[in-house]
Structure formats: structure tokens, C-alpha cells
Amino acid sequence: MPISFEHVGHTYSVGTPFEYAALKDVNLDIREGKITAIIGMTGSGKSTLVQHLNALLLPTEGTIRILDRTITAGEKPKKLKSLRKDVGLVFQFPEYQLFEETVLKDVAFGPKNFGATEDEAAQRAAKALKQVGLPADIAKKSPLELSGGQKRRTAIAGILAMDPQILVLDEPTAGLDPAGTAVMMELFRTLNKEYGKTILIVTHDMEQVFRYCDDVVVVADGTIRTKMEVKDFFRDSSLCKSMNILPPALIRMKDMLTEKGFEIPEEIDDIKSLAECVAGQVNHG
Amino acid sequence: MGIIDVRNLNFSYDETSKTINDVSFSVEKGTYTTIVGHNGSGKSTVAKLIAGLLEKEGGSIVIDGLELNIENLYKIRSKIGIVFQNPDNQFIGSTVRDDIAFGLENHCVPQEKMDEIINTNAEKVRMTKYLDHEPTHLSGGQKQRVAIAGVLAMKPDILIFDEATSMLDPQGKDEIKKVIRGLHEESGLTILSITHDIDEVAGSDYVVALDGGKVVMTGTPHEVFGDEQKLRQMKLDVPFSLKFARELAKAGVKTDKHITMEGLVEELCRYRSNM
């Protein structure tokens, strides 16, 4: 397991009147080479959890194992710098953090910080821009000249340039239109399938979870409510409903049809099979 | 003539391209109109032109019988309230109460009247309990509700929402959509909402679709969202009911075009009971 949490807790402002336990007894294993969705309501502790993944926050209880490092509450952590190279964390609205004169310089900033020479950093940046699907001629432009979607891809390239093994993204499609969202999700799929990155995505969009992710982790009240494979999670809508989550459209359609007396087998999980199943039960040409 | 009448509107941010290219449409008083289009299609620019936040380059905008020009600008602004996308960019006060009071203070409303107006409008967006709260302790949805109360306090006839729900979580989105719908139904306010939310579009009276700064389609949600090919051309989301209808057709079942799943399931049930 590239990432595992054992009895991890995180309490903010310990010993003050603002003391607040954001994470409580979290036990979690993330599978290597998979895309894992992290879902949960605002305030559930998702962001706190995610910030532990590259040690921006340290646990106040328990142990976290990330790749070959171990971070234990109360002990001085080691090798944090290299951890931050291996686990790339992309915050919400990362395009707000672009700051260099040109796209290439902005993307090259990370590798340079981790000791790459000017040339190496530029090469890595060019490769990362290619990975996120930006055309080469954009490299010399100012980030300010780019569209919203291009800016976001530039920001993600800045993380990829450090060649992380694990990529963590906090609501990477927030504020994008449907077309921009699809392009972004396809990008993560490519990074996962072709470049072998382990990917974690914090999202509210169940269609994304359903279409693109392998595993789903539900965070509620600072603990892990559920962790399972996406295909099991959406087998029917009962789990979603019990957690106040709007299931994906296909699952809602299955529900509606079943309610009206159609016989819809549980294991159907694509639109084509569902249509064929329904077609067999209606009398219409 | 509608309460908003836009004729041959033109605008560009720079010389290289036209952001708004000969746009015309009309919004009837008391209706709920949605504007759809992908990022960069010119939706937000149109909203800002209507509210007089940007100056048009050509064409005309008439609001409630008044031509939008420099003489009428303030009269027209008093008729229009606008709520933007980012909840954090439009919270000015140090508490919810101060934030709602901001516009009233600018209009020199006396203190005793102000309290009453604040209370009434906080009630409309169900934020009465939070009047003395600071913005840092509010969720995105709550902040957007405060923004709505702030513009309602100015008693506008028209409310414009520029992707007011797109940065919120599902719960926040639902809260805001309910508040907007309630205002429309109870107070008869004219609503112009720029949105990507297919459910919100389906519940609106009229849709204006923009692409590349031009109006490419107008009509009822059914008319605009019934055409899957056009939607794809405009880079908009296709409702699940349309995608499913296409798969059904491939499997030999032809149905009408539905923009909601409920409509499609109802039709399927009719064929089933004929068996």
C-alpha cells in the first residue's frame, strides 16, 4: 500500500478554547496505481485528511505510512522534503497560485526548488506541459494570457514537473464547464493509465466518481465512514441515500424504472445494457 | 417589449476578437430565464453589460422601458440586483448584518428602517439566526444567501445570478436553487440566471444559449435541450434522459425527447402497460 493510516487523529489548536478534532481514529489504505475518490460534505474533514498526505499537516495521533516513510504523532518527521516531491498536492483553484512571468518558468519552479539545474527544470517543465495536453507554443506566454482551463492545467503541470508518484487533487474541476470538466478528468485517467500515477481526487461530483474512479472513500464527521470499490458503492442507491448523496444519473434511472415495476438486474452499470434491458420489457416499435 | 430588451448588442475586451457579437434577446417580466453556454461563450459579459458594469460598444439595452445610458444608469441599477459566482469575493461586512446593511448605508436609509429591512430579507433567505455571525464561520451556500439578501434589500425588480451556485457543494447548490425559486414564485421577481445546472435549466421558463458571443438558440428548455447534436456543438452537458433515449432507439425503442428522467420513465411505462 503506498498510503496507509493507522488510528490517525488530528486536533487543531490543542489546549486552547478553539480545540477541534477534525480527524478521529482514521484507518485507511489507498491502493497503488488506482484512482481513489474522496467524498464527504463540507466540513467533514476531507481537506484535513488530504493535507496529511504530503505532511503539510502532521497527525496529532496515530501513524501514517506514505511510500517508504513513516510519520508518527509526537515524533520528529524525517525526509519531508522528498515526500513533498513524491506526493504532489494540487489545491482548489490552483490557477490562483501561478506567479511567474511565463508558463514555462512557472512550471519549472518546482523542479528547480528540488535541486534540478536550469536546463533539467526546463526539460521537465516542457514534458509536464505535454502531459497535461498544452501546446508547446504556450510555454513562452504569460500565465495571465491563458483561459481558465489552460491556467488550471498549467498549475497541475507545475506539480507533475516534480514527477510525483502520487497525485492528490482537491476539487480539480470546481468552476469548470462540462466540457472543461471532461477534459480534466480524461487527463487524470491518462496520468493514471499511461504514466502509472496513483491518484486521489476530492470531489462532490458523483458522475466523476462513477465514471473515472476505482475506489471511493467517504469521510464523515472526521472519520472514514466507508471505503470500497466504486462498482460496489453504486450497485444500488441505498448506500448513497443513507449518506445523503445524490447517486449518478444511471443509478437514479435504474431506481425509477425499478419503482415503476421494470425488472432491472443489480449488476447493470452501463447505459447500453440498461437500454437493452428496458427495450426487452416494452412493447413498442 | 420585455422587462429586459437587448438588441444587436456588441462588445469586445480587446481588438482581436468580439466577445459579444450582435446579441438580441428579450426577457418577459416575471419570468425565469436561464442563459447557457460553455466557459468563454460570453454569458457573464452579457450579464455585466445588462447591469451597466461594462459599457456596450453598439446596440441597445432597454430595462423596464428605460434605455441604458449614462443618464439612466443609476435608475436602472436600482432595478437590478446581481449575485456573482465566488462567495468569498462579495462578502464585504464584518458580520452578516453589516453585509446586508452595506447597500442600505450607501443609500442613506435611516437606522430604524434599516433594521426592519435587514430582518425581512434575512428571513427570506433563512439567515435570521446568523445575523451576528462572521463570514469565516459560514459555508459557501450561506455566504451566497447573504449576498442574495443584500441585493434584495435594495428592492430590485430583476435578479441576475452569474453562476451563483457553481462554486458550492451539492448541499449549498440545493439551498441556493430553492431560495431563487422561492423568490421567483412568491415575490414574482424576474430572474435571469447564468448556469450550467441542467436541473435549473429544466425548471426555467425560457433559455438563451450563447456560443462564441452569439445567440445560437432560444426557446423553452425542451426546445433548446431537446437537440443532442446542437448541445454537443455548444459543448454543453447532454441530459441523461436524452443519452438514454438514444440508446433505447438503438435497441429498437423510439421515444419522444425528454429533458427529465421522470418524463422519459413515464413514457416507457405507457408502452409497458400496453403489453
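Please treat every number below as a calculation from the coordinates, not as lab data. Values in this document were obtained by computation on a predicted structure and should not be read as measured data. Heads up, the Cβs are rebuilt from the backbone with ideal geometry, glycines too, and the neighbour counts pull from every protein chain shown.
Explain nothing, just the number: dipole magnitude of chain B about its Cα centre with +1 on each Lys and Arg Cβ and -1 on each Asp and Glu Cβ, in debye rounded to the nearest 20.
That gives chain B a dipole magnitude of about 700 debye.
Could you name the aspartates and glutamates whose alpha carbon sits less than 14 Å from that of B:LYS230, not counting residues in the same chain fewer than 8 places away?
List returned: B:ASP211.
Taking chain A as a Gaussian network, Cα atoms linked when under 10 Å apart, which of A:MET41, A:MET253, A:MET184 shows the biggest mean-square fluctuation?
A:MET253
Can you return the aspartates and glutamates within cross-link range of A:LYS193? Criterion is Cα-Cα under 19 Å, with same-chain partners fewer than 8 residues away left out.
Output for A:LYS193: A:GLU32, A:ASP86, A:ASP163, A:ASP214, A:ASP215, A:GLU229.
Tell me which of B:ASN10, B:GLY58, A:PRO248 sits at the most positive position along the dipole axis of the protein assembly as shown, charges placed on C-beta atoms (Lys, Arg +1; Asp, Glu -1).
Projecting each Cα onto the dipole axis, the largest value belongs to A:PRO248.
In the protein assembly as shown, with Lys and Arg counted as +1 and Asp and Glu as -1 at Cβ, which of these residues, A:MET184, A:ALA155, A:THR117, has the Cα nearest the positive end of the dipole, that is, farthest along it?
A:THR117
Placing +1 at every Lys and Arg Cβ and -1 at every Asp and Glu Cβ, with all other atoms neutral, what dipole size does the protein assembly as shown have around its Cα centre, in debye to the nearest 20? Don't skip to the end; give the middle numbers.
Numbers: 67 positive and 82 negative charges, 209 e Å.
I would put it at about 1000 debye.
Taking H as built 1.01 Å from N, whose amide H comes closer than 5 Å to the amide H of B:GLU134, not counting residues under 5 places away?
Sorted by chain and number, the residues that satisfy this come to none at all.
How far is helix B:170-187 tilted, in degrees, relative to the longest principal axis of the Cα atoms in chain B, given as a value from 0 to 90 rounded to the nearest 10?
With rounding to tens, the tilt is 80 degrees.
Show the residues, 5+ positions off or on another chain, whose built amide H is closer than 5 Å to the amide H of B:LYS29.
When sequence neighbours closer than 5 places are left aside, the close amide H contacts are B:ILE3.
Given A:LYS81/B:LYS173; A:LYS81/A:LYS140; A:LYS112/B:LYS173; A:LYS34/B:LYS178; A:LYS254/B:LYS214, which pairs have Cα atoms separated by over 32 Å?
Where the Cα-Cα span goes over 32 Å, the pairs concerned are A:LYS81/B:LYS173; A:LYS112/B:LYS173; A:LYS34/B:LYS178; A:LYS254/B:LYS214.
How many Cβ atoms of partner chains, on average, are near each residue of B:241-253 if near means within 10 Å of its Cβ?
5
Highest GNM mean-square fluctuation, chain A, Cα pairs closer than 10 Å: which of A:LYS260, A:LYS227, A:LYS85?
A:LYS260
Among the lysines, which have Cα under 18 Å from the Cα of B:LYS75 when same-chain residues fewer than 8 positions away are ignored?
Qualifying lysines at Cα under 18 Å: B:LYS29, B:LYS48, B:LYS56, B:LYS155.
Taking DSSP loops as anything outside H, G, I, E and B, show the longest stretch in chain A free of GluC sites (Glu not before Pro) there with at most 14 other beta carbons within 10 Å.
My reading of the result: A:102-193 is the longest stretch.
Cut-off 20 Å, label point 7 angstrom out along Cα-to-Cβ of B:LYS129: give me the residues of region A:238-255 whose amide nitrogen falls inside.
Residues passing the 20 Å test: A:244.
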